[in-house]
1. For region 176-201, enumerate the residues that are surrounded by fewer than 18 Cβ atoms within 10 Å (Cβ to Cβ) and under 28 Å from Ala91 (Cα atoms).
2. Do we have any residue at all in region 31-48 that's at pLDDT 90 or above and either assigned by TED's automatic domain parsing to the domain that holds Leu230 or surrounded by fewer than 16 Cβ atoms within 10 Å (Cβ to Cβ) (or both)?
3. For region 125-148, what are the residues that are buried (at least 23 other Cβ atoms within 10 Å of the Cβ), more than 15 Å from Ile115 (Cβ to Cβ) and out of contact with any strand residue (DSSP E or B) (no Cβ under 7 Å at 6 or more places or on another chain)?
4. Test each condition in (1) assigned by TED's automatic domain parsing to the domain that holds Val116; (2) in a helix (DSSP H, G or I); (3) free of Cβ contacts under 8 Å to residues at least 60 places away in the same chain for Ile183 and report the one that comes out false.
5. Of all helices (runs of 4 or more DSSP H) completely enclosed by region 57-174, which ones contain at least 1 residues that are among the small types (Gly, Ala, Ser)?
6. Quick one: which residue in Asp209, Asp240, Asp257 is modelled with pLDDT under 90 and assigned to a helix (DSSP H, G or I)?
7. Being more than 14 Å from the chain's Cα centre (by Cα), closer than 22 Å to Val208 by Cα and not hydroxyl-bearing (Ser, Thr, Tyr) is the filter here, so list the residues in region 63-86 that pass it.
8. Within the group Leu232, Leu238, which residue is among the hydrophobic types (A, V, I, L, M, F, W, C), closer than 30 Å to Thr143 by Cβ and outside the structural domain of Glu129 (by TED's automatic domain parsing)?
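The values are calculated or read from the model by the stated rules, or taken from the named source; none is laboratory data. Everything quoted here is computed from the prediction, not taken from an experiment. Reconstructed Cβ throughout: ideal geometry from the backbone, glycine too, with neighbour counts over all protein chains shown.
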Amino acid sequence: MASPRYEDTPVTIEVPPPRASVDLVTVRDQGRIRLVTLDDAESRNALSRRMLQSVVDALGTATRDDVPAVVLSGARGTFASGADLRELDGATPGSYLAQRRAELWDQIAEFPNLIVAAVQGYALGGGCELALTCDAIVAGDRTMFGQPEVRIGAVPGAGGSQRWPRAAGRFHAAPLVLGGVRIDAREALQMGVVDRVVPERRVVAAAVDLANELLDGVSLNAQRKAKQLLRLSEEATLSDGLVSERQEFASLIDTPDLHEGIAAVLEKRPAHFPITKSGAS
């Protein structure tokens, strides 16, 4: 993640009309950034199976379109209000597992390119877990984060009990996971979970800015491999992670991007890497 900071500099970005929609999400392009917006007014962007499938479909399209980065946000001032409780009421363990939600969550977490969460309003339960699957989080100054599952007789079901301790440490995570406590954006910033806090009206614009900053001057091929290594660090032992890191480093030797990067350093000029994995510049 980028270095945390509170940003209060005006940002103005013109957003074009919707590019397309994928059931419950709206998809737009802002330059090289794909904006994917959860858009279900009836449920305040609750993460139903249908919503999760819509997000997966939009990310799959972004991958096929060679989009280097996605900004994920929620319409009408709410990122995501959590699970769709209507789907849980009356469900059995068997019927719930048969919906194969875990596969959808895994596909979101495994999106190969950069993804920045632009979080406004509420990111509760599954909404909080969705933000935590992203590579960086920009939050509005009135945003609230929380894992309220224990207050309805449940536990986090999409990574909250695992990603919060990894992102913020066990003792910061405990009040959220064990007590259902909510925290605001600045508390999340202090924990190192959120990268930037901005006025609510500028969350998406600031997330686009951050995505562009993280893309500028980097090899996208190397960035994708670096993302895989960061994901591996949450699961592997240090020794196994180091082995994988060395293998990935070796795999990039004698590649066009590395040759360009070294030449740029020696010639004291910016590197010019392809902007898509297919090599178009």
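1. Leu178, Gly179, Gly180, Val181, Arg182
2. Checking region 31-48: at least one residue is at pLDDT 90 or above and either assigned by TED's automatic domain parsing to the domain that holds Leu230 or surrounded by fewer than 16 Cβ atoms within 10 Å (Cβ to Cβ) (or both).
3. Gln147 - this is the single residue of region 125-148 that is buried (at least 23 other Cβ atoms within 10 Å of the Cβ), more than 15 Å from Ile115 (Cβ to Cβ) and out of contact with any strand residue (DSSP E or B) (no Cβ under 7 Å at 6 or more places or on another chain).
4. Tallying (1) assigned by TED's automatic domain parsing to the domain that holds Val116; (2) in a helix (DSSP H, G or I); (3) free of Cβ contacts under 8 Å to residues at least 60 places away in the same chain, Ile183 fails exactly one: (2).
5. 93-98, 101-109, 126-132, 160-168
6. Of the residues listed, the single one that is modelled with pLDDT under 90 and assigned to a helix (DSSP H, G or I) is Asp257.
7. Arg64, Asp65, Asp66, Val67, Ala75, Arg76, Gly77
8. Within the list Leu232, Leu238, the selection yields Leu232.
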